[in-house]
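Report on the following structure.
The values are calculated or read from the model by the stated rules, or taken from the named source; none is laboratory data. The structure displayed is predicted, hence computed values, not measured ones. Here the Cβ is made from the backbone with ideal geometry for all residues, glycine too, and neighbour counts use every protein chain on show. The protein model used for the area step is the full one, side chains on, heavy atoms only, and it has no ligands, DNA or RNA in it. Shrake-Rupley method; radii C 1.70, N 1.55, O 1.52, S 1.80 Å.
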Amino acid sequence: MFAIMVRTCLIALALLLGTSATRAENAPSHGLSAFGELKYPADFQHFAYVRPDAPKGGRIAVIGTRGLITFDSFNGYILRGDAAQGLSLLFEGFSLVFDSLMTRAWDEPDAVYGLVAKGATVAEDRRSVTFALRPEARFADGSQLTADDVKFSFDILKSKGHPNYRTILRDVVSAEVLNPTTIKYSFKGNQLRDLPLYVAALPIFSKAYYATREFDQTTLDPPLGSGPYRIADHQQGSFVSYRRRDDYWAKDLPVNRGRWNFDEVRFEYYRDRTAELQALKAGVYDLREEFTSRDWATAYNVPAVRDGVLKRLILPDQRPSGTQGFFINTRKKKFADLRVRRALDYAFNFEWTNKNIFYSLYKRTTGYFQNSPLAASGPPTPSELKLLEPFRAKLPISVFSDVYVPPVSNGEQRDRSLLRQAVRLLNLAGWRTVNGVRQNANGDKLDVEFLIFSPSFERIIQPYVETLKAIGIDASIRRVDPAQFERRMKTFDFDITTQRFVMSSTPGAGLRAYFGSQAAKTDGSFNLAGISDPVVDDLISKVIEAKTRQDMTDAARALDRVLRAGHYWVSHWYKGEYNVAHWDRFGRPEIQPSFQRGILHTWWYDPERSRAVDAWRKR
């Protein structure tokens, strides 16, 4: 199903990364990992999911997966503007333009290896980490990348960067330049597990470049980076093209061997998904991930697919399957009562929707860590109870029994038994029916507006709207242009909106950006529902402080229980796979990375296959 504004949401930065020294404490390491040994030794030559001798060349043109259908900036690290895809580590988990001290291994749940930094030393008390930089690191203009640039990048992100950076870096006290190739980060507090990884994954900017430019302003001037690509061409709102740098300083490092193979990576933007699909069939671009179940089931019955030149792939996705749903803005008084929010859940008929709209391709999402060991199930375990008991007086009694799961309908479009439950909850919350419309004691009408920017989601929401109207809620859909949608999302100016966040196998301080009380008050945060609960904050701290993976799992499950009991969303659906359609112009490694598609950085252009496609198209 099409997922609005798909965001990997801190994959490389916060949620995916925990940290512990993987050798004896106070000894340098070529990488950092959470709760265990690194998969790759210090002398590894390449990641297992690449073809190390993959040919370089050619072009791949894709539809982006962030869900944005326009852009007005090449600055992906501030709150202002809509950044073009391919730039931001924060939202995408990778950047074509900016390097970091260490880079993610996508076949491990939480490991990074040296890129700009050749090694890291974590202090015995975990209160600092020191990185040794490679003296050969260079920006694209040939200038040396030094510890001064790393410090500048940290300072500017913490002071002027996107608010989510300030959230995850709040306990990073300082970056200290020890010499041109050595930098030390110092930390405060007791939640130290993740902090070395957060700073290891920060993008690195040129201090000299920004000496004459304002960092916190939107711009369409191509930025100066040190990564494998540079921006080559663009047309605002239409496309952005990245050109591989032959002079990329790190192209032969083990972490990059067999990666970044395309000479050109181009992102195409379309305002209409029907036109987007037709453009793929016409060969205007090469590849798209299909989010619309109806199209995946019915729209690819074309000669190119039957003749094998337009491929349909189902790639496994071993990440937690995503937190997607109708997020309810509890900042609004009408949604303050959880009985109202739970009534909205009873009114949504997933079973009918899945059968009649989704061609039965999905499963219902039940919690915030779906399809992972972090998801709660059944009654709390003794370990979970130990975490929950101190808050018994502050929590619904349901937290201490079987975990909440969404109601299951009988498959009819309107399940009367579930709607009776919704009506009962609304009555208990003080919303009585007056002339067919729900009103409270003050005469205020209960209205609900779904904010969207793409017409493709209306077919799912409209039956839900009609059901809500049937029980007296004045429901409607408001479709706005993408720029207005982004502005309203950043300022939480909505009743209900659809969003998908991808959770991590090793969640950490990034959880604060999704569920923390401070994030509820911070424009641009991912806490769309406005969750502001001291119990949630404490359980997030328990996740962050966990010293073992089992402790982290217990804390995440306890957090999942409390969030589900709060009814902050009406959960959607998931599938543990990527549906990808592409013209058969590419080669790909035998092994796919477990926690990412791997397309842009591990596939390569195959001239022979491409000639066969061109010959077929000329018939």
### Query
Using the beta-carbon distance between ASN190 and ASP252 and R0 = 35 Å, what value does 1/(1 + (r/R0)^6) give for FRET efficiency, to the nearest 0.05?
0.30
### Message
Between ILE591 and VAL173, how high is the FRET efficiency from 1/(1 + (r/R0)^6) when r is the Cβ-Cβ distance and R₀ = 35 Å? Nearest 0.05.
### Response
0.30
### Query
Got a sec to turn the phi values of the stretch 575-580 into Karplus ³J(HN,Hα) couplings, 6.51 cos²θ - 1.76 cosθ + 1.60 with θ = phi - 60°, whole Hz, x for Gly and Pro?
8, x, 6, 9, 9, 10
### Task
Report, by chain and number, residues whose modeled amide H sits under 5 Å from the one on THR292, excluding near sequence neighbours (fewer than 5 apart, same chain).
PHE2
### Message
Could you derive backbone 3J(HN,Hα) for the stretch 36-51 from the dihedral phi with the Karplus parameters 6.51, -1.76 and 1.60 (θ = phi - 60°), listing whole Hz in sequence and x where the residue is Gly or Pro?
### Response
x, 6, 6, 5, 9, x, 4, 9, 5, 9, 5, 6, 5, 9, 10, 9
#### Entry: the stretch 141-297: relative contact order as a whole-number percent, Cα under 8 Å and 6+ apart
15 percent
### Summary
Scoring only Lys, Arg, Asp and Glu (+1, +1, -1, -1) among other residues with Cβ under 9 Å from the Cβ of PHE239 yields -1
## Note on the structure
Expressed as a whole-number percentage, the relative contact order of the chain with C-alpha contacts under 8 angstrom and at least six residues apart is 21 percent
### Task
Give, rounded to the nearest 20 debye, the magnitude of the charge dipole that the chain has about its Cα centre when Lys and Arg contribute +1 at Cβ and Asp and Glu contribute -1 at Cβ.
1200 debye
### Query
Residues with amide H under 5 Å of THR182's amide H, sequence separation 5 or more or different chain, H placed in the peptide plane at 1.01 Å from N; which?
LEU133, ALA147
### Query
What lysines could a cross-link reach from LYS542, if we take a straight Cα to Cα line under 25 Å and drop same-chain neighbours fewer than 8 places away?
LYS158, LYS188, LYS386, LYS394, LYS521
### Message
On a straight-distance basis, which aspartates and glutamates could pair with LYS207 in a cross-link, Cα separation under 18 angstrom, same-chain partners fewer than 8 positions away excluded?
### Response
ASP99, GLU136, ASP141, ASP148, ASP149, ASP155, GLU176, ASP216, ASP221
## Note on the structure
With DSSP loop assignment and no more than 15 other C-beta atoms within 10 Å, the GluC sites (Glu not before Pro) in the stretch 552-619 are GLU590
### Query
Okay, which of the stretch 473-491 sit inside 20 Å, backbone N to the point 7 Å along the Cα-Cβ direction of ASP447?
473-481, 485, 488-489
### Summary
Cα-only Rg/Rh for the stretch 404-559 with Kirkwood Rh rounds to 1.03
### Value at 222 nm in deg cm²/dmol, rounded to 500, when DSSP H runs of n ≥ 4 in the chain each add -39,500 (n - 2.57)
-7000 deg cm²/dmol
#### Entry: Gain in span if fully extended, ARG271 to SER377, counting 0.36 nm per residue against the direct Cα distance
34.1 nm
### Task
Please work out the average accessible area per residue across the stretch 451-575, using the 1.4 Å probe convention, and give it in Å².
27 Å²
### Summary
For the stretch 522-619, the accessible surface attributable to carbon and sulfur atoms (probe 1.4 angstrom, ligands and nucleic acids excluded) amounts in percent to 44 percent
### Proximal lysines relative to LYS56, as straight alpha-carbon distance under 19 Å, when same-chain residues fewer than 8 apart are discounted
LYS251
### Query
At ARG339 and SER398, where each label point lies 7 Å from the Cα along Cα→Cβ, what is the point-to-point distance in nanometres?
1.3 nm
### Task
Go ahead and run the numbers for FRET between SER159 and ARG488, Cβ-Cβ distance against an R0 of 22 Å, rounding to 0.05.
0.25
